[in-house]
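K.L.:
Below are the structure tokens for one structure; questions will follow.
Just so you know, all these numbers are worked out from the coordinates, no wet-lab data involved. Everything numeric in this text was worked out from a predicted model, so none of it was measured. All Cβ positions, even for glycine, are placed from backbone atoms using ideal geometry, and neighbour counts span all protein chains on display.
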Amino acid sequence: MPAQALVIVPTYNEKENLDPLVRRLRSLPQEVHVLVVDDNSPDGTGQIADALAAGDPGVRVLHRPAKLGLGTAYRAGFRYGLEQGYRFLCTMDCDFSHSPESLPALLAKAGEGYDLVIGSRYVPGGRVVGSTPLRRLISYGANWLAHTVLGIDVRDCTAGFRCYRHTVLEAIDLDRIFSSGYSFLIEMAFYVQQTGFRIAEVPITFVNRTQGASKISKAEIAKAFYTLLRLRTRSLPWDWIVAQARHRAGGSRLRSR
């Protein structure tokens, strides 16, 4: 049976982590394919990805000319996955903060009919290991503001470990999403909820990276807070976008039956 799921892994200087991550993903009980989206990593991550793809037809690589942001990497991966006809498109970090062995739980929940499934630190059973108090405070604060300011019901709306059903990504106009960094995750959760898709969270253990350097900067944190304010204050344009997404969602659901 051909793989129905594609795992999109954005990379920038992840030479220590990429090979073992891809091998563990490809050894899961469910066959999943992997798309590495590399932003011209100077440490040779792109070359490692090419070597993995050369030896495994279930691995593909998308090379980009520079570090263009997490959100744009996801969008590029989504477009590839939709063009190739995958049913589920998943995202995860390359630093093992998300365990590959947790992916089957997300896929199983999506198989129950949920449109977006999030691997969550903040539902019962979820845990955070090795994160600094400051990082935890920033994460809690961003999620609290997303709940309070935007009314997002998801408890962990900054989580990057996700599984989207293809109909979600067909319905939402990805080109209209402004965010390019980690705030892309908040914006996607906002649109998915506003469009009326079903969202579920499954508990995971989030482990702070042990190899390589964190990509979250003060600028990324500032952009996330700006995204919250932008989505809240520009209500009329977003209402129009949501209406358009709902219209597309109706057409996609009819076609998928």
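Matching residues to (1) out of contact with any strand residue (DSSP E or B) (no Cβ under 8 Å at 6 or more places or on another chain); (2) of a type in the set (G, A, S); (3) crowded, with 21+ Cβ neighbours inside 10 Å:
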| residue | (1), (2), (3) |
| --- | --- |
| A108 | yes, yes, no |
| I118 | no, no, yes |
| V123 | no, no, no |
| R127 | no, no, no |
| R135 | yes, no, no |
| I138 | yes, no, no |
| W144 | yes, no, no |
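K.L.:
Restrict the check to the stretch 144-154 and report whether at least one residue is among the hydroxyl-bearing types (S, T, Y), without any contact (Cβ under 8 Å) to a residue 40 or more places away in the chain and farther than 22 Å from Y86 by Cα.
P.N.:
Looking for residues that are among the hydroxyl-bearing types (S, T, Y), without any contact (Cβ under 8 Å) to a residue 40 or more places away in the chain and farther than 22 Å from Y86 by Cα, one finds at least one in the stretch 144-154, hence yes.
K.L.:
So which residues in the stretch 146-198 are in contact with a strand residue (DSSP E or B) (Cβ under 9 Å, 6 or more places away or on another chain) and of a type in the set (K, R)?
P.N.:
The answer is R155, R162, R165, R198.
K.L.:
Counting only residues that are crowded, with 19+ Cβ neighbours inside 10 Å and over 15 Å from E16 (Cβ atoms), how many does the stretch 39-59 have?
P.N.:
Selection size over the stretch 39-59: 2.
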